[in-house]
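Enquirer: Before anything else, here's the structure in question.
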Amino acid sequence: MTAPLTTLLPTTARALHHRIAVAQAEGRAPSLTGAVGRDGELVWTGVRPFAQEGDEAGVHAQYRVGSITKTFTAVLVMRLRDEGLIDLQDPLEKHLPGTGIGEVTIAQLLAHSAGLGAETPSPWWERSSASLRPGLPEVLGEHPRKHAVGRRFHYSNPGYTVLGSLVEEVRGDSWAEVLQREVLEPLAMSRTSLEPQAPYAQGWAVHPWADVLLPEPPENLGLMAPAGQLWSTVADLCRFGAFLAEGDDRVLGAPSVREMRTPSVPAESEEWDATYGLGLQIIRRDGRTLVGHGGSLPGFVAGLWVGVDDGVTAAVLANATSGPLPSLIATDLIRIVADAEPRMPLPWRPLQEVDQELLELTGPWYWGTYAFGLQLLPDRALALQPLTGPGRRARFAAVEDGTWIGENGYYAGETLRVVRHEDGSIDHLDLASFVFTRTPYEPEAEIPGGVDKDGWRGLLG
């Protein structure tokens, strides 16, 4: 396997520095810092402005990351699911009774499709004392639901507060303690914390019409912490981004983080290039699918984005209430690296073991007159794809009983099985009741059979 590159070309590094320099200047941010990781390694960091030439101490300074915190909360919930302590389809009431929204499911809360309001009742929770919201009734209010359950995406800060309370109820510890023990420590995120730890950036508001500043006092969010409390650095966030791309069995395995990255709700009609998974935003930029999250709290804006296919993660943090657009900047950093220095493909290797029965399955198959090719992959997996034009394609994972389960596309979750004659030879493939034969409408196959006894013919005169 080719070792990952841990340095960037000088031209790429300069393009990254130029991008954050423009962002800091045009966004009028007191400071702006960025980092890029590739294949799990930190390959670039930058900060504007420098305290002095060559001083990048700001890269190690904490900034508040706002709603990026929600992704951490989602990871904690997914861990509960993987341990069998909850099911994502469980109604909230099963584990956290008495909220008044108990019929919504945990999955709907994760995906912002539970119909809950976007914000708490007044006053604005980001700028008021947490003592005003000592319990979930004060967070949810008298009329917590704004939409029918499960019908649409409606971003909800109270929804993630509820999920934080769910974690506390099931674990028997505070959300902060569980987060530290189960995510931050295993991932070595020592510069991520609930309260700021020096060095950290001061939050500022920048006057929209003059180059003057107003300090933004940080509020402890109290019960709302699972929706936006965390402070972090760009290096720590890139480490977290690498986890979101590959998984880590100490925290959450690859299948579960892949589930988090899968769209869970329909996009709004004006946002066809953006949707939401389970605690992760999903967007299309520059022909790439990216996952991550943005965040903001008074005095700070943040963005963490991951290009899984390119193996590139980018984080951008700024200490201004408004102005810079960290998510847009971060996606630009990914584009710069991925375009200038494309990911090297893994070298082709032959399979270590060959199963002749599986090899016999490969090659062309026909569903009616549609031609498909079936390919053998490592770990006894199969891939089905149309031989011409668009069509239904899918990867299938092997199951111990000799069948395969679809992992994506139209056939996700559907069973592929081999149907054999009494002598053991293959008759056809059955995929969700669709019959695939070796020739179009194979005459000898029971289903669909030759269909017409006179067979194929030319155009009748």
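For every residue, the table says whether it meets (1) at pLDDT 90 or above; (2) touching an Asp or Glu at 6+ places or on another chain (Cβ under 9 Å); (3) crowded, with 16+ Cβ neighbours inside 10 Å; (4) under 22 Å from ASP379 (Cβ atoms).
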site	(1), (2), (3), (4)
ARG395	yes, yes, yes, yes
GLU400	yes, no, no, yes
TRP404	yes, no, yes, yes
ASN408	no, no, no, yes
TYR411	yes, no, yes, yes
LEU416	yes, yes, yes, yes
ARG420	yes, yes, no, no
LEU429	yes, no, yes, yes
THR437	yes, yes, yes, no
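Enquirer: Another question, then. Consider the range 162-188. How many of its residues are touching a residue at least 40 places away in the same chain (Cβ under 8 Å) and closer than 21 Å to PHE240 by Cα?
Expert: Adding up the residues that qualify gives 12.
Enquirer: Right, another one. Does the range 33-43 contain at least one residue that is assigned to a loop (DSSP other than H, G, I, E, B) and buried (at least 24 other Cβ atoms within 10 Å of the Cβ)?
Expert: There is no residue in the range 33-43 that is assigned to a loop (DSSP other than H, G, I, E, B) and buried (at least 24 other Cβ atoms within 10 Å of the Cβ).
Enquirer: For a quick check of your reading: which strands (runs of 3 or more DSSP E) sit entirely within the range 345-446 and have at least 2 residues that are without any contact (Cβ under 8 Å) to a residue 60 or more places away in the chain, at positive phi and over 29 Å from the mean Cα position of the chain (by Cα)?
Expert: none
Enquirer: Then there is this: Return the pairs, sorted by first residue and then second, in which the second residue is assigned to a loop (DSSP other than H, G, I, E, B) and of a type in the set (Val, Ile, Thr), the first residue lies in the range 295-311 and is assigned by TED's automatic domain parsing to the domain that holds ALA205 and on the phi > 0 side of the Ramachandran plot, the beta carbons are less than 8 Å apart, and the residues are 6+ apart or on different chains.
Expert: GLY299/THR321
Enquirer: With ALA210, ALA225, ALA245 as the choices, which residue is within 25 Å of the chain's Cα centre (by Cα), at pLDDT 95 or above, surrounded by fewer than 22 Cβ atoms within 10 Å (Cβ to Cβ) and assigned by TED's automatic domain parsing to the domain that holds LEU166?
Expert: ALA225
Enquirer: Looking at GLY292, GLY279, which is the one that is in a loop (DSSP other than H, G, I, E, B), crowded, with 23+ Cβ neighbours inside 10 Å and on the phi > 0 side of the Ramachandran plot?
Expert: The match here is GLY279.
Enquirer: With respect to SER232, is the statement that it is touching a residue at least 40 places away in the same chain (Cβ under 8 Å), in the same structural domain as PRO158 (by TED's automatic domain parsing) and buried (at least 24 other Cβ atoms within 10 Å of the Cβ) true?
Expert: Taking the combined requirement at face value, the residue satisfies it.
Enquirer: Right, here's the next one. Anything in the range 108-141 that is among the hydrophobic types (A, V, I, L, M, F, W, C), crowded, with 17+ Cβ neighbours inside 10 Å and within 15 Å of THR161 (Cβ to Cβ)? List them, or say none.
Expert: Residues satisfying the conditions are LEU109, LEU110, ALA114, LEU116, TRP125, LEU136, VAL139, LEU140.
Enquirer: Which one of these is modelled with pLDDT of 95 or more and not in a helix (DSSP H, G or I): GLY100, GLY84?
Expert: Result: GLY84 is the single residue among GLY100, GLY84 that is modelled with pLDDT of 95 or more and not in a helix (DSSP H, G or I).
Enquirer: What are the pairs, 6+ residues apart or on separate chains, where a residue within the range 278-290 that is among the acidic types (Asp, Glu) has its Cβ under 9 Å from a residue that is not in a loop (DSSP other than H, G, I, E, B)?
Expert: ASP286/THR331; ASP286/ASP332; ASP286/ILE334; ASP286/ARG335; ASP286/ALA338; ASP286/ASP339
Enquirer: Moving on to the next point. With the requirement that a residue be under 11 Å from GLY34 (Cβ atoms) and either at pLDDT below 95 or assigned to a loop (DSSP other than H, G, I, E, B) (or both), what does the range 298-344 give you?
Expert: PRO324
The values are calculated or read from the model by the stated rules, or taken from the named source; none is laboratory data. What you see is a predicted model, and the numbers here were worked out from it, not measured in a lab. Positions of Cβ are backbone-derived with ideal geometry, glycine not excepted, and every protein chain shown enters the neighbour counts.
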